[in-house]
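One structure is given below, encoded as structure tokens.
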Amino acid sequence: MKSVSIIGPGRVGGALCLSLPKDSYRIEALIGRRSPPLSSNVFDGFSGIIELSAVSKIESDIIFITTGDNEIRRVASDISSKVSPNGCVFHTSGALTSKELEPLSLAGRKIGSIHPLVSISSPELGPTRFPGAYFCIEGDSEAVEIGHEIVSDLGGNPFSIDTTFKILYHAAAVMACGHLVALFDSSVEVLTKCGLSPDESKTILLPLVVSTIDNLGKQSTSSALTGTFGRADIETFSRHLRTLNDHVSDDLLEIYLLLGERSLELASKEGVNPERIDKLRARMSVAKTKLKW
């Protein structure tokens, strides 16, 4: 049975508290500044959140720092003399590397980071979202080994990257998640120009997005591409361009054109007529130039 302390039991920290198998992990301490946004029965058996300033020792086998990114290094420094010599400390930031825990490393502790590559908007989602999700792990060799074991126990899929590439990994994650939401919002805005409300537009477009995600789960990205750019349909593109020029902002038109260029690269991989791709790419280039006028 491994003992666990969680510093900053908010969304991710709370999700870990709810998700770690109780037959293998014992939550020993919840450390923070205020009560987490959890239902009242989540922390059965706990008297409350312990303030970090009131903690003299943290003797848990595993310590998770699940605070905001800007607080991780400060917390690491604050606990560097309090952690058990055998303790392994992880933070859960996607953008920062384990080097944020340097004060603990200098004190001889094992350090690493575990980032769940899944959207956790509330702690209660942990038990359903963690299983099957991928977790990025990096840090010193001992911490990485322990991290793989933790993720496997959560039902997730662990993978490791070199610390040097942590921020590049995070940029990819932002593009896949945050940018997807922004792109969907752009599509909703375009559809509202047809006289539909934002809620109606979202409801109408969402099944299309879900079916596309389903295709991506079964096919390569190039094979999953459908529609105008997947066919290098010059005629339909020209009609799109005319109506977008009339009804939407240059920002939305630029999004359409930039992603269209990427789509043509995918279409090329699928053997779409190169001559049609070249002609469409040329027309798109002219359209992009006009955006600068």
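The values are calculated or read from the model by the stated rules, or taken from the named source; none is laboratory data. These numbers were taken from a predicted model, which means no experiment stands behind them. Cβ atoms come from the backbone with ideal geometry, glycine included; neighbour counts cover every protein chain shown. The area values use the complete protein model at the heavy-atom level, side chains included, leaving out ligands, DNA and RNA. Shrake-Rupley method; radii C 1.70, N 1.55, O 1.52, S 1.80 Å.
Placing dummy labels 7 Å off each Cα toward the beta-carbon, the span from residue 285 to residue 179 is 2.3 nm. To check you understand DSSP bridge types, tell me what percent of the beta bridges within segment 1-156 (both residues inside) are antiparallel, rounded to 5. Given both bridge residues lie in segment 1-156, the antiparallel proportion sits at roughly 20 percent. The simple Förster model, with R0 at 51 Å and r as the Cβ-Cβ distance, assigns residue 249 and residue 152 a FRET efficiency of 0.60. Overall form of the chain: prolate. Here a/c, set by the Cα gyration tensor axes a ≥ b ≥ c, is 1.5 or more, and a/b is the larger of a/b and b/c. For segment 109-171 and segment 184-245, what is the centre-to-centre distance using only Cα atoms, to the nearest Å? When both Cα centres are located, 32 Å separates them.
Against the main long axis of the alpha-carbon atoms of the chain, helix 250-269 sits at an angle near 90°.
By accessible area, using a 1.4 Å probe on protein heavy atoms only, the chain has 53% of its surface on carbon and sulfur.
A straight line joining the Cα centroids of segment 248-293 and segment 79-102 runs 46 Å. Of all lysines in the structure, the ones whose alpha carbon falls short of 24 Å from that of residue 82, not counting any fewer than 8 places away in one chain, are 2, 57, 99, 110. Solvent-accessible surface of the chain, averaged per residue with a 1.4 angstrom probe and all protein chains in place: 54 square angstrom.
Relative to the dominant Cα principal axis of the chain, helix 141-153 is inclined by about 80°.
In terms of the Cα gyration tensor, with a ≥ b ≥ c the square roots of its eigenvalues, is segment 145-226 rounded because a/c is under 1.5, prolate because a/b exceeds b/c, or oblate? It comes out prolate by the Cα gyration axes. Please state the shape class of segment 62-164: rounded when a/c is under 1.5, otherwise prolate if a/b exceeds b/c and oblate if not, all from the C-alpha gyration tensor. Note, shape of segment 62-164 comes out prolate. Applying the Karplus relation 6.51 cos²θ - 1.76 cosθ + 1.60 with θ = phi - 60° to segment 95-102 yields 3J(HN,Hα) values of 9, 9, 8, 5, 5, 4, 9, 3 Hz, where x marks Gly and Pro. Rounded to the nearest 20 debye, the dipole magnitude of the chain is 520 debye, with +1 charges on Lys and Arg beta carbons, -1 on Asp and Glu beta carbons, and the Cα centre as origin. For segment 67-209, DSSP calls about 40 percent of its internal beta bridges antiparallel.
Dividing the convex hull volume of the alpha carbon atoms of segment 1-146 by its residue count gives 107 Å³ per residue.
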